[in-house]
Each structure stands twice: as structure tokens, then as C-alpha cells.
Amino acid sequence: MSEGALLTIEGVDKTFGGGRTLFGQPRPAVHAVQDVSLDVQPGETLGVVGESGCGKSTLARMIVGLDAPTGGRITFDGRDLAAEAGRDLRRLSRDVQYVFQDPVASLNPRKTIRTILEAPLKHLTDLDAAGRRERLEELMGAVNLAPSFLDRYPHEFSGGQAQRIGVARALAADPKLIVLDEPVSALDVSVQAQVLNILDGLKDRFGLTYVFISHDLSVIESVSDRVAVMYFGHVVEIGTSRSVFGRPRHPYTHLLLNSAPAPGRRSLSAEDAHTELPDPYNPPPGCPFVPRCPRATEICSTAMPPLEGEAADPGHRAACYHPHEHGAP
Amino acid sequence: MTAVESAPIQPARKASGRPSATRLLLNNTLATGGLVVLAAIVLIALAAPILPLADPNVTAPANRLLRPLSEGHLLGTDALGRDILSRLIWGTRVSLLVGISATLIAAFFGSLIGLVAGYAGGRIDTVLMRGIDMVMAFPYILLALAIVAVLGPGLLNALYAIAIVNIPFFARNIRGITLGLARREFVDAARLSGKSNAQILFIEVLPNVLPVIVITMSTTVGWMILETAGLSFLGLGAQPPQADLGSMLGDGRKILFTAPHVSIIPGLMIFVLVMSINLLGDGVRDVLDPRLKSGALSRPVARTAVTRQGLVPDAAPDPAAVLDVRELRTEFHIGGEVFKAVGGVDMRVGKGECLGIVGESGSGKSVSAMSIMGLVPTPPGRITGGVALLEGEDLFSASDERIRQLRGSAVSHVFQDPLSTLHPLFTVGDQLVEAIRAHEPVAKSAARRKAEELLRTVRIPNPAERLKAYPHELSGGMRQRVCIAMALAHDAKVIIADEPTTALDVTVQAQVLSLLDTLRAERDTGVLFITHDFGVVSAICDRVAVMYAGQFVETGTTEQILSSPAHPYTAKLIDCVPVLGEPDRRLDAIEGRPPMVNDLPKGCAFAPRCPRARDTCRAAPIGLTELGDGRTVRCLYPLTEDGDE
């Protein structure tokens, strides 16, 4: 199913630290992302959901070339993305852009919005001064901001406006793929809707593809065509948004959905205390969810289950030996 | 999505309440004094060539060692009969010049090393900083002596020596700042905008480091002048006959007893010069340093000031309520402007009841809650009206000591970020024991047993072991449980929980919420729960108050409010959030922004964003209307009446 994919990730690992000290002692290494494989079709929105420490941001940074994977392959449009990022990040940045979680921290406090938005135009496109001016106005219009804002400084903006500037910067070089890393988590709920609506409109208008990362299940459900659920560096379930949220197969996805508060839902089903993630310095050989899993058996702690599709819907895959079957709640 | 309209333009508020940097500096008397003295010295030194001064280097053996105030020589003459006033002014000129140039040289190279080391990191950082460490390991005077010994004595060589000796100071400071900045998101953003490393370092990072460089320079100039004087005193700096303050001091040393003025006058000059520079430098640092700018220098007092104007509302306490707050008003006075953060709020929390306050950031929900126990920092905050009754006792008129007793015992708090609420250097057990013993005179061992019991209450597995853990060794959920345990230490009547689960993951949030819910049922504790999330509200709260621009716009039971919101704001707030299980729901964004609380409209604060607003809404303040069943709404045209009169 990777035919025609815009972005393909195959068996990607990312380890931080590691290596040896001056005296040959091995250094501890954190396994942030382990053996992740997925692909993104042109024009779709792939949601990546998971809790803190699950590796979703690391995955995002690898897709835009800010971090290099320690293993596996990332291919964008047929090009080896990791190698290209190391050689010439500019070429990659023309096609793949990033929107940061904290809108204010991602804007340099001592630069005007004009300077900030002009940087990608200057370095990533061939526009001349007049063309850049025109494009700036167009960008501000696209994110619903008045052009007079261009000469203001970031601290003069509210979170929602700052995030729209962040989106405009990502759009500047006319990319094909935008990675959105928790783009609305830092925003108030009323502003969150504004930004989500703008993102939705831009996608159709510019023919974009999104990788949308969030910890908020309801946001992910409302924006995504397909969803990947991550736990402790692994993709544990992937499928269309409708099937993952409607018929979750992995016990972790179940837990997530039952834990999420929703207006009108009185009782949350909460598991008892033991919820700590396994030690990332020393990941277990089997499924990392075993200590919290009500369905775990012996086989689960011996080897990581493969990500397998179900018979009726091969696109809906879960990494579990005992997945919830069809019809299960 | 609404039609593409031009964005809501907030008029630029040029006249901001924050005083300018110059005004702040001039407010500081000592710094202003330093500035005046320094300016005078610099002006005189600069004017030296045009002042009617004797030639500083012309000797006149006949007039040697004249006392000050003698004719023709205001400050007397030295051992060779040279005019001391003239030499002092010319010498100051030299000392200033050397001090400032040495600072500039040290700042340039030191900052460059610091920037590169901090930005590049890894091996480059190690090599550069170990080199700096080696320079620092030498006693500075020895290093300066060694440099002068190699280069030969002379003012210029002394200048180089001092500059080199001070490079590490700059390098370390700047590296620290750069290290923090280089990991910031805007640096990543610049990289993705196609900027090269050099461009990022000098165009993005440097402007943010510049204030620190200026601060460091302003505090080192004085030090450099002293060092120059020291080297000249030893005869390694200015060579005769050139005057500089250090060499003048050195010349006078031998005749200190016979002619003290020859050494005392340059000594005093050094003192005044360095003192004025240091005072000014401290002032500059206070103004420029962002940490001090944010008001850390004006230390808040232990309790919010209460200046209630007018009538205190008739305080007939509601017998069913544990906490009964009426007409609470809290304001912030910043630079001549008044921010009405809370404008008349009534809250009632019954025994074992959970009241939720829902609102967006800046709506005043946290300030309302913090006002109750006087936790709003003063200055700039103050409570200007209302009463807070804890079982009938007015908290705003209670003594400071009484409030101290109640804090953490009858009323306790749980905050958003457990990592910053818990002290990082003490174990969880120590902190719990301290919290217990603060209000209860028990032995340490007994307190420890109680602490263990508390951890068991909040369902922490293996509590005896966990007591020995430091906060950073626990996960976020565990830390928040510890905070809840601490809040329960003294049978609190009311727990004020300020976004206690916002920083937690959903699965952990569910646990903490159900824990809080169980505990308040078990112990009959009232909970004031502040959140922005209607999902969380429905999981735990009995009643809800929706807050907007410092006022409650609607109150009622959770069910009523969620199923049939009466205020348009509540309705919009519910509609703009995606709901799990309803992916096709259209998100109805609220256009515009909440009003600033220092510039509230006369009528309804929500009117500018409200689709149902009419002229009457904007005309006058709107009171809370009873809708029955204890439900109130602050709206002339609530949604329950279909909007028609």
C-alpha cells in the first residue's frame, strides 16, 4: 500500500545518547522511536496520537530533517530524506515544513513578523524583492491576518495569532507536506477552533498533506483521515480514523478512548496506579504495554508483536497478540 | 469556517503601562547618582586638552611636594613638582580609555567564544571551554604579569593582558545564555527557513544575547580599571612620564608619610570612578535583566493587600456552604493602569461539593481562586471588595497569623504543575512531614507514619519506599498524587485545585480525577476546581460557573449547563471544542478576542463577539438573572428564551 505514497517511513529507529565515554564505558541510550513504519498518501491528513514520551515529536523532527534517524529509512517523494537533510536541508525544507507547538517560542522575539516570514522566502525560493512582498501579503491573507501586522513584534500577538504566523511561515516556501506538532495544544479552546478551521481551509486551497501530531484524541479524530497510535516509541495501531476510533483493536487505544474526558461523560474508567512507562534506557523485549494490559499473556512479554491487519480491513493494523475483535466495544 | 475577513485588529497599545528602561534607571537613586558622577568624570577627562591645565609632564623641582590648595596648584604637586590636578585629569583619561578598550576587546572575543561554544556544542564546546578553564585556573594577576613579561611593559601590553584575563568571564556567561537559546524553537524554525549556521548564530541568536553582553560589560568596566591601576602600580603599565591613576598611586607610595596627598588623591579618584561605574552597572543590570524586569525585585508580601472600598456586602453566611465568597473584586495596579482581573464574583462551595470554574486564559478564574487565601502577589495585586467566608469567618479581615494557620490546613491548594510546586532538593517524604508538622506538633516519626498513610490514601503503590524518592524520580501523575496527599494532610475543608490535570496525560488525568472524586466523597471535602475543559468538568463537578472577563456569566449544575447553556458565550465555548466520537462536528470558532481587563466595555463584556448582542447589551452593566433551580445567567437575551422578548 506504499505505492504512490508521498512519505514512507520504514523501520525507523531513533536513539539518543549511547556511544562510549572517554574511558570506554558504554553511555546510557534512550530509545525514543523504535521500528516505526508508516506511509503518508498525498493529500491526506495522518494523525499521530500518543501520550508524552511516546516518541511522536521525535518522529516529527525526523520527518522534517531536524534529527537524523539512527536506523531505518525515510523516503520523501522517492528521495532518501535523511541523507538529503544531512547534505542540503534547504532542498528538503522547500517540500517539507513544520509548525511548532509553542507559537510564541517559535518566533524570534527580536525580529518583526516581516523579517521572520521573509527568511524562508529569501533562502528557499527564487523570488525577488517585489515578488517576496506580494507573497507576504498573500500569506497573511491565507491565515486571516491583516497585512499591517507585518511590522509588529511577536510579543504583540496573542497565542492564536502567533500560531497563524507560524502556519504562514511553514506555507511560505509552498511545501507539499507540513508536519504539525501539537499546533493547537498551547491555545485556548476558542482560538483552537479558529486555527483548526484555517488549517482545514489551507489544505484544500494549496493541496497540502498534513502529518498532525497531538495528544488530544478529539482533535485528532476531527482532523485526520488516518490515525497512528503510538506508545513508548512504537506504532501500536494504525488505520482510518473511523475504524481506529470506532473499532479500536489495541488495548492501549481502548484505554485512551475510555480515559478521555468528554462533555456529558460522567465517569471516566481509570486503571489503578501502575501506569509508569517502562524504562526507556532499557526497553523490555516484548510489548511495552504488558504491565498495564488486562489482556496480556506470557507471549506478550517475550517479543514485540508485529503490526498486523485484520482480515476484513487489512488497512487497520494493530501490534497486539490479543487484539479486540470486531464487534467488541 | 467563516468567510475570510481581515483579522480582528487590536489597536496597538502604544502607551503601555510598563515604564521605559530609562525611566526605570532614573528611578534608581543610587544608579542615577553613579550616572551623574561618571558623566562628570568622563566630561572632564574628555575636555582635558581644552581645559586651562598645566602640562602634566613638565617637572619643576623647585615646586616639589606642594600641599593642595597652594597657589597655582589646586591639588599640589608631586615629588618632581608636576601639577597633580593636571596629572589626575590626564591620568583618569588614560585609565578610562584603557578600562573601556580592554572591556570591549574582552567582550568581543569572550562573547565570540561563548556564542560558538554554546551553539556548536559537542566537541567544539569541550575544546573551547577547557581552554577557557585553563586561563581561569591561573591567578589573574600572575597571568597578567606573565603576559606583560612576554610582551614587555607598557600601557598597550597591560591592556592586552587585562583583556585576555577577562575573556573567560564573558565566554562563560555568554555560553550559558547561548546554550539555552540554541535549543529554542525559533532556532529550529530558522533552520527550517533555510538559514545557515552562521546566519542563525549572528542574526537570530546574537540579538537575544546582546543585553547580557551589555550587562556583563557594565559590571566589568570598573573591575578592569582597577586591574589596569594595579598593573601600573607595579610599574608594568603606563611608563613614566605618562600619567595614569595606578602609576600615580605607585609614585606616591614611597612618600606616603611625608606627603600623603600625592597617593591619596589618585586613590580617591579610583574609588569614586569605580564606585560610580559599579552603581551604574548594577542599575543597568536591574533594568535590562529580563528576570529582574518581570518584577522579581519588588518582592511581594506574604499576603494579598486588602483595601475594600465602600460597603462590605452584608455577610449573613450561608449555613450550608463551607466556603462562601461574595462580590469578590481583585485588581492589579501596574504603571498607573488598573486591571480588573476579578469584577464581583460569588462562589459557594458546600460540604463535599465540587464547584467548577470554567474559562479561557485571562478570564480571571485563577485570580479568583488565589484571592481567597490571599495568594495573589502584592504588589501589584490587591483585593478591593467582597468577603470570603470560611464557615462564617471572614478571611479578608483575619489576621496574617490566622491566615497562615488556615493555609494548607483548612484550605489547601493543588496547582497545575506538580514539578514546580514540589521542592526539587527534598524527598517527597521530607516535604510531606514538613507539611504535616507545620500545623500539628507531632514527632518526626509520627509525622512520617502519617505521611506514609497519606500516600496510601492517594493510591500510591509501595508508599514506604516512595517517601524516599525525590520529585524528579516520580512520574507526573505520581507527583500530582503527592500534591493531593499534601493537600489532605490536615482534613482540609476546601481544596482549591487550579487546573490540576492539565499537565497530565489523558490516562493519568483519568486516574487523578477519579481519585479526587473518591476522596472528596470519602472525606466530605469541598472542592473548587478550575479548568478550561468541559470534558473534565463533566467528569468531576456538581456545579459549574463559566467565567468571562472577570465575571461569572452563567452558573448552574453541570448537566444543565452542558445540555442547555443559557449564555451565548457558554454555548459557543461548548461548540468550539471537538468532541470524541463526533468527528464530523463543525467547529464553531468564536471570532475576535476577549476584552482587556484594563479596558472593559460599559455593558456586556461579550457583546462585541456575540451574535445576539443588541444595543441594550452595550448600554449598561448587566446583572445576574435567576433562572430558577439555583441557575443564574448574566445575559439580557439568554438562549433558553429563544432570544425573543
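Within region B:460-472, the residues that satisfy the criterion of being surrounded by fewer than 18 Cβ atoms within 10 Å (Cβ to Cβ) and within 11 Å of chain A (Cβ to nearest Cβ) are B:Pro461, B:Asn462.
Taking each residue of region B:48-60 that is closer than 19 Å to B:Leu96 by Cβ and looking for partners that are of a type in the set (A, V, I, L, M, F, W, C) and in a loop (DSSP other than H, G, I, E, B) with beta-carbon atoms closer than 7 Å, six or more apart or interchain, yields B:Pro56/B:Ala243.
Working only within region A:33-45, note down all residues that are part of a strand (DSSP E or B) and surrounded by fewer than 24 Cβ atoms within 10 Å (Cβ to Cβ). Full working, then the answer.
In the first step, residues of region A:33-45 are kept if they are part of a strand (DSSP E or B); the result is A:33-40, A:45.
Scanning region A:33-45 gives A:Gln34, A:Asp35, A:Ser37, A:Leu38, A:Asp39, A:Thr45.
Within region A:106-123, restricting attention to residues that are facing chain B (nearest Cβ under 8 Å) and in contact with a helix residue (DSSP H, G or I) (Cβ under 6 Å, 6 or more places away or on another chain), which residue is surrounded by the most Cβ atoms within 10 Å (Cβ to Cβ)? Per the stated criteria, the residue is A:Pro120. Looking at this structure, is A:Gln25 touching a residue at least 12 places away in the same chain (Cβ under 8 Å) and farther than 23 Å from B:Val187 by Cβ? Criteria not met by A:Gln25.
Taken together, B:Arg23, B:Arg64, B:Arg13 contain a single residue that is more than 30 Å from B:Ala163 (Cα to Cα), at pLDDT below 85 and within 14 Å of chain A (Cβ to nearest Cβ), which is B:Arg13.
Starting from residues that are part of a helix (DSSP H, G or I) and hydroxyl-bearing (Ser, Thr, Tyr), keep the ones in region B:19-54 and report whichever is nearest to B:Leu85 (Cα to Cα).
Filtering region B:19-54 for residues that are part of a helix (DSSP H, G or I) and hydroxyl-bearing (Ser, Thr, Tyr), the one nearest to B:Leu85 (Cα to Cα) comes out as B:Thr32.
Filtered by the rule that a residue be within 10 Å of another protein chain (Cβ to nearest Cβ) and part of a strand (DSSP E or B), region A:180-226 gives a lone residue, A:Asp181. In region B:369-386 there is no residue that is buried (at least 20 other Cβ atoms within 10 Å of the Cβ), closer than 15 Å to B:Val544 by Cα, within 14 Å of chain A (Cβ to nearest Cβ) and under 25 Å from the mean Cα position of the chain (by Cα).
When region A:258-311 is limited to residues that are hydroxyl-bearing (Ser, Thr, Tyr) and modelled with pLDDT under 75, the one that is farthest from the chain's Cα centre (by Cα) turns out to be A:Ser267.
Conditions (1) out of contact with any Phe, Trp or Tyr (no Cβ under 9 Å at 6 or more places or on another chain); (2) surrounded by fewer than 24 Cβ atoms within 10 Å (Cβ to Cβ); (3) of a type in the set (Asp, Glu); (4) within 25 Å of A:Asp102 (Cβ to Cβ), marked per residue:
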| residue | (1), (2), (3), (4) |
| --- | --- |
| A:Leu208 | yes, yes, no, yes |
| A:Ser222 | yes, yes, no, yes |
| A:Val227 | no, no, no, yes |
| A:Val235 | yes, no, no, no |
| A:Thr240 | yes, yes, no, no |
| A:His254 | yes, yes, no, no |
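Counting only strands (runs of 3 or more DSSP E) that sit completely within region B:528-645, those holding 2 or more residues that are in contact with a helix residue (DSSP H, G or I) (Cβ under 7 Å, 6 or more places away or on another chain) correspond to B:543-548, B:551-557.
For B:Leu587, state whether it is within 14 Å of chain A (Cβ to nearest Cβ) and either aliphatic (A, V, I, L, M) or more than 23 Å from B:Glu360 (Cβ to Cβ) (or both).
Numbers: within 14 Å of chain A (Cβ to nearest Cβ): yes; either aliphatic (A, V, I, L, M) or more than 23 Å from B:Glu360 (Cβ to Cβ) (or both): yes.
Taking the combined requirement at face value, the residue satisfies it.
Answer with yes or no whether A:Ala130 is modelled with pLDDT of 90 or more, part of a strand (DSSP E or B) and away from chain B (no Cβ under 12 Å). In short, no. For region A:153-188, filtering for residues that are of a type in the set (D, E, K, R) and under 15 Å from A:Leu139 (Cβ atoms) leaves 3. Of the helices (runs of 4 or more DSSP H) that lie entirely inside region B:381-495, those containing 2 or more residues that are of a type in the set (A, V, I, L, M) span B:400-406, B:428-439, B:444-457, B:476-487.
Does B:Gln416 satisfy the condition of being on the phi < 0 side of the Ramachandran plot and modelled with pLDDT of 90 or more?
The answer is no for B:Gln416.
Count, please, the residues in region B:341-362 that happen to be surrounded by fewer than 20 Cβ atoms within 10 Å (Cβ to Cβ) and either in the same structural domain as B:Gly623 (by TED's automatic domain parsing) or more than 20 Å from the chain's Cα centre (by Cα) (or both). So the answer is 5. The condition (being touching a Lys or Arg at 6+ places or on another chain (Cβ under 6 Å) and without any contact (Cβ under 8 Å) to a residue 60 or more places away in the chain) is satisfied by just one residue among A:Leu92, A:Leu139, A:Leu107, A:Leu121: A:Leu121.
Applying the criterion of at least 1 residues that are within 18 Å of A:Ile213 (Cβ to Cβ) to the helices (runs of 4 or more DSSP H) found wholly in region A:47-102 leaves A:56-63, A:81-87. The residue list B:Thr531, B:Thr525, B:Thr502, B:Thr507 contains one member that is of a type outside the set (Phe, Trp, Tyr) and surrounded by fewer than 20 Cβ atoms within 10 Å (Cβ to Cβ), which is B:Thr502.
Considering B:Glu391, B:Glu360, the condition of being acidic (Asp, Glu), away from chain A (no Cβ under 14 Å) and touching a residue at least 60 places away in the same chain (Cβ under 8 Å) is satisfied by B:Glu391 alone.
Inclusion of B:Val579 among residues that are under 31 Å from the mean Cα position of the chain (by Cα), hydrophobic (A, V, I, L, M, F, W, C) and within 12 Å of chain A (Cβ to nearest Cβ) is not warranted. Is it the case that B:Glu559 is surrounded by fewer than 21 Cβ atoms within 10 Å (Cβ to Cβ), within 12 Å of chain A (Cβ to nearest Cβ) and over 35 Å from the mean Cα position of the chain (by Cα)? Judged against the criteria, B:Glu559 is a match. B:Ala497: assigned by TED's automatic domain parsing to the domain that holds B:Leu419, more than 11 Å from B:Val358 (Cβ to Cβ), touching a Lys or Arg at 6+ places or on another chain (Cβ under 9 Å) and crowded, with 22+ Cβ neighbours inside 10 Å, yes or no? Against the criterion (assigned by TED's automatic domain parsing to the domain that holds B:Leu419, more than 11 Å from B:Val358 (Cβ to Cβ), touching a Lys or Arg at 6+ places or on another chain (Cβ under 9 Å) and crowded, with 22+ Cβ neighbours inside 10 Å), B:Ala497 does not qualify. Taking the numbered list (1) within 13 Å of A:Leu171 (Cα to Cα); (2) crowded, with 20+ Cβ neighbours inside 10 Å in turn, A:Ala85 passes all entries but (1). Taken together, the criteria place B:Ala521 among residues that are of a type in the set (Gly, Ala, Ser) and assigned to a helix (DSSP H, G or I). Looking across B:Ile84, B:Ile167, B:Ile105, B:Ile141, one residue alone is within 31 Å of the chain's Cα centre (by Cα) and not charged (D, E, K, R). It is B:Ile167. For region B:200-208, the criterion of being touching a Phe, Trp or Tyr at 6+ places or on another chain (Cβ under 9 Å) and under 25 Å from B:Ser95 (Cβ atoms) is met by no residue.
The values are calculated or read from the model by the stated rules, or taken from the named source; none is laboratory data. Note that the coordinates shown come from a computational prediction; the quantities given were computed from them, not determined experimentally. Cβ sites come from the backbone with ideal geometry, for glycine too, and all protein chains shown count toward neighbours.
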